[in-house]
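Presented below is the structure to which this report refers.
The values are calculated or read from the model by the stated rules, or taken from the named source; none is laboratory data. Small disclaimer: the values here were computed from a predicted structure and weren't measured. As a convention, Cβ positions derive from the backbone with ideal geometry for all residues, glycine included, and neighbour counts pool all protein chains shown. What goes into the accessible areas is simple: the full protein's heavy atoms, side chains included, and nothing from ligands, DNA or RNA. Shrake-Rupley method; radii C 1.70, N 1.55, O 1.52, S 1.80 Å.
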Amino acid sequence: VQLQASGGGLVQAGGSLRLSCTASGSIVGMDAMGWYRQAPGKQRELVARISSLGGTNFADSVKGRFTISRDNAKKTVTLQMSSLKPEDTAVYYCNVEMGYTFYWGQGTLVTVSS
């Protein structure tokens, strides 16, 4: 299973970005999909997650600013980020859960300037 992420970049505070991730390979029954992030010197943390039935959960720090969606037919998960803050700067990783296995994308850098 391979995950290809795209959409990172540099944006000013208050701006928006959209991250997309597409899964390919031997995919049998994707469960939850999500996005995690890791800022310099910090641990990787969950940003947003969407279950196979569409239920979502978000980190408190992004609630009301980020949304997550998935397209099962296209095997994609999208993170729409708005009202970005400098503290959102991090490498963002997409994630797919299949059974007890987590698959990770290569990471895409999001930089928010003040």
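Can you spot a residue in segment 53-68 that is in contact (Cβ under 8 Å) with a residue 40 or more places away in the chain and of a type in the set (D, E, K, R)? No. If you go through segment 15-36 and keep only what is in contact (Cβ under 8 Å) with a residue 60 or more places away in the chain, of a type outside the set (Phe, Trp, Tyr) and within 12 Å of Leu79 (Cα to Cα), you end up with Ser16, Leu17, Arg18, Leu19, Cys21, Met33, Gly34.
Condition check ((1) on the phi > 0 side of the Ramachandran plot; (2) loosely packed, with under 13 Cβ neighbours inside 10 Å; (3) out of contact with any Ser or Thr (no Cβ under 8 Å at 6 or more places or on another chain)) across all residues:
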| residue | (1), (2), (3) |
| --- | --- |
| Gly41 | yes, yes, yes |
| Arg44 | no, no, yes |
| Arg49 | no, no, no |
| Arg70 | no, no, no |
| Thr76 | no, no, no |
| Met81 | no, no, no |
| Leu84 | no, no, no |
| Gly99 | yes, yes, yes |
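Of the conditions (1) under 30 Å from Ser26 (Cα atoms); (2) in a strand (DSSP E or B); (3) in contact with an Asp or Glu (Cβ under 8 Å, 6 or more places away or on another chain); (4) not charged (D, E, K, R), Ser52 clears all except one; give me its number. Here Ser52 clears every test but (2). Exactly one residue out of Tyr103, Tyr93, Tyr36 is open to solvent by 50 Å² or more (accessible area, probe 1.4 Å), among the aromatic types (Phe, Trp, Tyr), touching a strand residue (DSSP E or B) at 6+ places or on another chain (Cβ under 6 Å) and not in a loop (DSSP other than H, G, I, E, B), and it is Tyr103.
Restricting segment 1-33 to residues that are open to solvent by 50 Å² or more (accessible area, probe 1.4 Å) and not in a loop (DSSP other than H, G, I, E, B) leaves a set whose member that is farthest from Ala59 (Cα to Cα) is Ser24.
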